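The values are calculated or read from the model by the stated rules, or taken from the named source; none is laboratory data. The structure presented is a predicted model; accordingly, all values stated were derived computationally and were not measured. Cβ placement follows ideal geometry from the backbone for every residue including glycine, while neighbour counts extend to all protein chains displayed.
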Amino acid sequence: MTGVMSRHVVTIGALFLILCGLMPVVGAVIRTMPEHVLGGGVIVMFGMVCASGVNMLSEVNWNRRNMVIFATALSVSFGLQLVPEALQHLGPTLKILLTSGLLPAAFIAIVLNLALPEELGD
């Protein structure tokens, strides 16, 4: 962690990356990098995202309600990734969004967080 607590730093970084994405020169430089180098960077990046997620989950109060929310969101998102045929009657855009795993998990977790009562009975 950098220790920077300002949201403006993230906003400026995001705007910088958007501007870089609109410049063909930056795209050409990235395109010259070998795939193995980019793959190594992607591995580290996703590892950091995963580690941050585990860190956030370690601070959760794991009561019965939170366990149900987490387990349901995780199971449905993995299920849609492993059995994409379940979405065969949807359009191609929805198939891509729903088989990614992230969108359905987030949606289910938000809905269950709003719908389930704070105190689930034992």
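Among the residues of region 88-122, the one identified as outside any helix (DSSP H, G or I), free of Cβ contacts under 8 Å to residues at least 12 places away in the same chain and within 17 Å of Arg65 (Cβ to Cβ) is Gly121.
Here is a yes/no grid of residues against (1) among the aliphatic types (A, V, I, L, M); (2) surrounded by 11 or more Cβ atoms within 10 Å (Cβ to Cβ); (3) not in a loop (DSSP other than H, G, I, E, B):
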position	(1), (2), (3)
Ala14	yes, no, yes
Val54	yes, no, yes
Trp62	no, no, no
Gly79	no, yes, yes
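Looking only at residues in region 92-112 that are loosely packed, with under 13 Cβ neighbours inside 10 Å and farther than 9 Å from Ser77 by Cβ, the one that is modelled with the highest pLDDT is Ile110. Among all positions in region 5-12, there is at least one residue which is within 18 Å of the chain's Cα centre (by Cα) and assigned to a helix (DSSP H, G or I).
Listed by first and then second residue, the pairs with beta-carbon distance under 9 Å, at least 6 apart or on different chains, first residue in region 1-19 and modelled with pLDDT of 85 or more, second not in a loop (DSSP other than H, G, I, E, B), are Leu19/Val26.
Go through the residues of region 26-47 one by one and say whether even a single one is hydroxyl-bearing (Ser, Thr, Tyr) and farther than 25 Å from Leu102 by Cα. Yes, there is a match, as at least one residue in region 26-47 is hydroxyl-bearing (Ser, Thr, Tyr) and farther than 25 Å from Leu102 by Cα.
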